[in-house]
Amino acid sequence: MKVMKQLPEDFLWGGAVAAHQLEGAWNVAGKGVSIADVMTAGSNGVDRKITDGVVEGEYYPNHEAIDFYHRYKEDIQYFKEMGLKVFRTSINWTRIFPDGDETEPNEEGLKFYDDLFDELLKNDIEPVITLCHFEIPYALYKKYGGFKNKKLIDFFVHYAETVMNRYKDKVKYWMTFNEINNQADGQHTLHTWTNSAIKFNKGENKEAIVFQAAINELIASARVVKVGHKINPDFQIGCMMAYVPIYPYSSNPADQMAALKVMERRFFYSDIHARGKVPAYAKKDWQRKNYHIELSSKEERILEEGTVDFIGFSYYMSGAVTTVPEVKGQEILDFPNAKWVENPYVNSSDWGWQIDPIGLRYTLNAVYERYNLPLFIVENGFGAYDKLEDNKIHDQYRIEYLKAHIEQMKLAVVEDGVELLGYTPWGIIDIVSFGSGEMEKRYGFIHVDKDNYGKGTLRRRRKDSFYWYKRVITSKGQEL
Ligand code: P53
């Protein structure tokens, strides 16, 4: 048997973004309003507002973003110079079906992605595509109430089928719903909005509604996996999860159990994507809480028949929980007396995200052991304030973060035998932050001159991390 000492030759080094966070051009060429187009700018620690339609006088950072729509040719030259083999972005659903429920697609929208993919391929960069990255048509919320309504399953499948047919010779790697598990407990307004286009009325049971929306999305995803394989049997169709490993704070057995239960809530989604069945723990939970989740036996069969080819996931940080009474923390509903606590062994970013490179190796192992499917790290990166000095950005902190994570990723592949398709760090070029709507929470290897208030020339500049990543790719991950 050949012992692998390095990452595989065909390892997919790349970079990742999402349409709504960089394209801009929110109302051109027949595009409809998406759920991201009604989100105002927040700031570090201040939530974004979700407005009732687009309201005069509000600032919506995604409307212009970094204007990739008009500048992608220039940006692709930077990607090429860096040596990217793949570029992960999403198709903005509302360019193709402006309201989401049309039967005929918008040709101008389809043409845009044809041109974008051609330009990438011409430069030897393969597109990796997310079908739904927080870009649900706003009209599907207005008319149908979002994904809690089963009608959205057909709309999504029709959209996916349309683009998969159109780009069947240009795109091989697809993912269905971005970070589908962000909405997990239904308690975070931003996530239930961006994952499912749901707003709640007073007195509604958020958790039950989100389980229903999740099941609907999982059915839609499974149908797309089936349909996609018919369109092109070479398609690799994956799910997309946000993995945040949760550690027990102490060796108290109850802490172990609490961590496992908190993880189940996140794994619920990939358990169904990968195994095609509602897990026993979820069925029991629904029974106990008296939730009636609509899932017919025909739909159960669809789940079984549409399991994913690979697991795509984001990894930024880890978390910790405890049940120990003396330790104070924020309450969690998943396990009696459980609460979130700070992990004293790791540091945090300026936005409070706990930096944990070993957690990436741990996650790669845990997920590979759980599903035995190829994995794809489609997001990982460091959001930070950058300083422009003499036209340069010395982002050594970002390099340190990435370096430490790539080292752990290599250990998972080389020492542990995890099957990993590739690595596409997040926000390869500065884009609008999803969570806060800021421009100045930067992830890029390419700097974009724009501030939190929308001011700036949009000029692009290479950061130190640009040159560093170029060397990482050329040396196939040897020189970090
Ligand atoms: P921003 C939470 C935990 C892990 C990933 O996020 C997350 C979130 C949501 O905040 O989101 C993903 O821009 C998401 C991207 C997003 C990126 O992480 O808030 O897939 O759209 O931009 C980074 O710093």
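The values are calculated or read from the model by the stated rules, or taken from the named source; none is laboratory data. Please read all numbers here as calculations on a predicted model, not as lab measurements. As a convention, Cβ positions derive from the backbone with ideal geometry for all residues, glycine included, and neighbour counts pool all protein chains shown. Each accessible area value is taken on the protein alone, full model and side chains, heavy atoms only, with ligands, DNA and RNA left out. Shrake-Rupley method; radii C 1.70, N 1.55, O 1.52, S 1.80 Å.
Here are some residues: Asp99, Asp75. Which one is surrounded by fewer than 21 Cβ atoms within 10 Å (Cβ to Cβ) and at pLDDT 95 or above? Steps first, answer last, please.
Numbers: Asp75 fails: surrounded by fewer than 21 Cβ atoms within 10 Å (Cβ to Cβ).
When all the criteria are applied, what remains is Asp99.
Considering only residues that are farther than 30 Å from Tyr362 by Cα and either aliphatic (A, V, I, L, M) or within 16 Å of the ligand (Cβ to nearest atom) (or both), which ones fall in region 225-247?
Val227, Ile231
Evaluate region 357-376: report whether one residue or more is among the hydrophobic types (A, V, I, L, M, F, W, C), closer than 21 Å to Ser43 by Cβ and open to solvent by less than 60 Å² (accessible area, probe 1.4 Å). Reasoning before the result, please.
Narrowing region 357-376 to residues among the hydrophobic types (A, V, I, L, M, F, W, C): 358, 360, 364, 366-367, 373, 375-376.
From the residues that got through so far, the ones that are closer than 21 Å to Ser43 by Cβ too are none.
Within region 357-376, none of the residues are among the hydrophobic types (A, V, I, L, M, F, W, C), closer than 21 Å to Ser43 by Cβ and open to solvent by less than 60 Å² (accessible area, probe 1.4 Å).
Quick one: which of Phe112, Phe117, Phe156 is among the aromatic types (Phe, Trp, Tyr), within 19 Å of the chain's Cα centre (by Cα) and either part of a helix (DSSP H, G or I) or over 23 Å from Val308 (Cβ atoms) (or both)? I'd like the intermediate steps shown before the answer.
On the way: Phe112 fails: within 19 Å of the chain's Cα centre (by Cα); Phe117 fails: within 19 Å of the chain's Cα centre (by Cα).
Criteria check complete, one pass: Phe156.
Within region 178-189, is even one residue touching a Leu at 6+ places or on another chain (Cβ under 9 Å), within 13 Å of the ligand (Cβ to nearest atom), open to solvent by less than 10 Å² (accessible area, probe 1.4 Å) and in a helix (DSSP H, G or I)? Step through it out loud before you land on a result.
Quick first cut of region 178-189, residues touching a Leu at 6+ places or on another chain (Cβ under 9 Å) only: 178, 180, 182, 185, 187.
Filter again for within 13 Å of the ligand (Cβ to nearest atom), leaving 178, 180, 182.
Filter again for open to solvent by less than 10 Å² (accessible area, probe 1.4 Å), leaving 178, 180.
Keeping just the survivors that are in a helix (DSSP H, G or I) gives 180.
Within region 178-189 (the criterion being touching a Leu at 6+ places or on another chain (Cβ under 9 Å), within 13 Å of the ligand (Cβ to nearest atom), open to solvent by less than 10 Å² (accessible area, probe 1.4 Å) and in a helix (DSSP H, G or I)), the answer is yes, since at least one residue qualifies.
Could you list all residues from region 381-428 that are of a type in the set (S, T, N, Q) and modelled with pLDDT of 95 or more? Break it down stepwise before answering.
Step one: list which residues in region 381-428 are of a type in the set (S, T, N, Q), which gives 391, 396, 408, 424.
Correct list: Gln396, Gln408, Thr424.
Those residues that are among the aliphatic types (A, V, I, L, M), out of contact with any Pro (no Cβ under 8 Å at 6 or more places or on another chain) and within 30 Å of His405 (Cα to Cα), I need them from region 318-338; list them, please.
So the first thing to find is which residues in region 318-338 are among the aliphatic types (A, V, I, L, M), and the list is 320-321, 324, 327, 332-333, 338.
If we keep only those that are out of contact with any Pro (no Cβ under 8 Å at 6 or more places or on another chain) too, we end up with 324, 327, 332-333, 338.
Listed by number, the residues that qualify are Val327, Ile332, Ala338.
For the list (1) assigned to a helix (DSSP H, G or I); (2) within 16 Å of the ligand (Cβ to nearest atom); (3) of a type outside the set (Gly, Ala, Ser); (4) open to solvent by 10 Å² or more (accessible area, probe 1.4 Å), I need the number of the one condition that Glu217 fails.
(4)
Examine region 118-139 for a residue that is open to solvent by 10 Å² or more (accessible area, probe 1.4 Å), over 27 Å from Phe376 (Cα atoms) and in contact (Cβ under 8 Å) with a residue 12 or more places away in the chain, and state whether such a residue exists.
Initial filter on region 118-139 (open to solvent by 10 Å² or more (accessible area, probe 1.4 Å)): 118-119, 121-124, 126, 138-139.
Then keep just the ones that are over 27 Å from Phe376 (Cα atoms); that gives 138-139.
Of the ones still in play, those that are also in contact (Cβ under 8 Å) with a residue 12 or more places away in the chain are 138-139.
Checked against the condition, which is being open to solvent by 10 Å² or more (accessible area, probe 1.4 Å), over 27 Å from Phe376 (Cα atoms) and in contact (Cβ under 8 Å) with a residue 12 or more places away in the chain, region 118-139 yields at least one hit.
The rows are residues; the columns are (1) farther than 16 Å from Ala242 by Cβ; (2) modelled with pLDDT of 95 or more; (3) within 16 Å of the ligand (Cβ to nearest atom).
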site	(1), (2), (3)
Ala254	yes, yes, no
Val262	no, yes, yes
Asp271	no, yes, no
His292	yes, yes, no
Leu295	yes, yes, no
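Exactly one of these conditions fails for His394: (1) away from the ligand (no atom under 14 Å from the Cβ); (2) in contact with a helix residue (DSSP H, G or I) (Cβ under 9 Å, 6 or more places away or on another chain); (3) open to solvent by less than 10 Å² (accessible area, probe 1.4 Å). Give me its number.
Failing condition for His394: (3).
Hey, Ala258 hits all of (1) open to solvent by 10 Å² or more (accessible area, probe 1.4 Å); (2) under 23 Å from Tyr315 (Cα atoms); (3) away from the ligand (no atom under 16 Å from the Cβ); (4) in contact with a strand residue (DSSP E or B) (Cβ under 8 Å, 6 or more places away or on another chain) but one; which does it fall short on?
Failed condition: (1).
Given the options Asp416, Asp350, name the one that is at negative phi, within 16 Å of the ligand (Cβ to nearest atom) and either open to solvent by 10 Å² or more (accessible area, probe 1.4 Å) or out of contact with any Leu (no Cβ under 7 Å at 6 or more places or on another chain) (or both). First the steps, then the outcome.
Numbers: Asp416 fails: within 16 Å of the ligand (Cβ to nearest atom).
After ruling out the rest, the residue left standing is Asp350.
Mind checking which residues of region 423-432 are of a type in the set (Ser, Thr, Tyr) and either open to solvent by 10 Å² or more (accessible area, probe 1.4 Å) or not in a loop (DSSP other than H, G, I, E, B) (or both)?
Looking only at region 423-432, we keep the residues that are of a type in the set (Ser, Thr, Tyr), and these are 423-424.
Within region 423-432, Tyr423 is the sole residue that qualifies.
Say whether the condition of being open to solvent by 50 Å² or more (accessible area, probe 1.4 Å) and hydroxyl-bearing (Ser, Thr, Tyr) is met by at least one residue in region 306-324. Quick ask: steps written out before the conclusion?
Initially, region 306-324 is screened for residues open to solvent by 50 Å² or more (accessible area, probe 1.4 Å), giving none.
Within region 306-324, not a single residue is open to solvent by 50 Å² or more (accessible area, probe 1.4 Å) and hydroxyl-bearing (Ser, Thr, Tyr).
Within region 439-452, is there a residue that is assigned to a loop (DSSP other than H, G, I, E, B), of a type outside the set (Asp, Glu) and over 24 Å from the mean Cα position of the chain (by Cα)?
Here is the first cut: in region 439-452, the ones assigned to a loop (DSSP other than H, G, I, E, B) are 439-441, 443-445, 449-452.
Applying the additional criterion that residues be of a type outside the set (Asp, Glu) yields 439, 441, 443-445, 450, 452.
Subset that is over 24 Å from the mean Cα position of the chain (by Cα): none.
For region 439-452, residues assigned to a loop (DSSP other than H, G, I, E, B), of a type outside the set (Asp, Glu) and over 24 Å from the mean Cα position of the chain (by Cα): absent.
Of all residues in region 25-59 being of a type in the set (S, T, N, Q) and in contact with a strand residue (DSSP E or B) (Cβ under 9 Å, 6 or more places away or on another chain), which is surrounded by the most Cβ atoms within 10 Å (Cβ to Cβ)? Outline the logic, then answer.
Step one: list which residues in region 25-59 are of a type in the set (S, T, N, Q), which gives 27, 34, 40, 43-44, 51.
Now restrict to residues that are in contact with a strand residue (DSSP E or B) (Cβ under 9 Å, 6 or more places away or on another chain): 34, 40, 51.
Values: Ser34: 28, Thr40: 16, Thr51: 13.
So, considering only residues that are of a type in the set (S, T, N, Q) and in contact with a strand residue (DSSP E or B) (Cβ under 9 Å, 6 or more places away or on another chain), the one surrounded by the most Cβ atoms within 10 Å (Cβ to Cβ) is Ser34.
For region 1-51, name all the residues that are closer than 16 Å to Pro127 by Cα and part of a strand (DSSP E or B).
Leu12, Trp13, Gly14, Gly15, Ala16
Give the residues of region 190-208 that are open to solvent by less than 30 Å² (accessible area, probe 1.4 Å), closer than 22 Å to Phe155 by Cβ and more than 15 Å from the ligand (Cβ to nearest atom), sorted by residue number.
Here is the first cut: in region 190-208, the residues open to solvent by less than 30 Å² (accessible area, probe 1.4 Å) are 192-198, 207-208.
Checking the rest, the ones that are also closer than 22 Å to Phe155 by Cβ come to 192-198.
Within region 190-208, Ala197, Ile198 meet the criteria.
Please work out if Lys111 is surrounded by 15 or more Cβ atoms within 10 Å (Cβ to Cβ) and basic (Lys, Arg).
No: the conditions fail for Lys111.
Condition first: acidic (Asp, Glu) and surrounded by 15 or more Cβ atoms within 10 Å (Cβ to Cβ). Now tell me which residues in region 279-299 satisfy that.
First pass over region 279-299, keeping only residues acidic (Asp, Glu): 285, 294, 299.
The answer is Asp285, Glu299.
Return the residue satisfying two criteria in turn: it lies in region 222-245 and is buried (at least 24 other Cβ atoms within 10 Å of the Cβ) and closer than 17 Å to Asn181 by Cα, and of such residues it is farthest from the chain's Cα centre (by Cα).
Ala222
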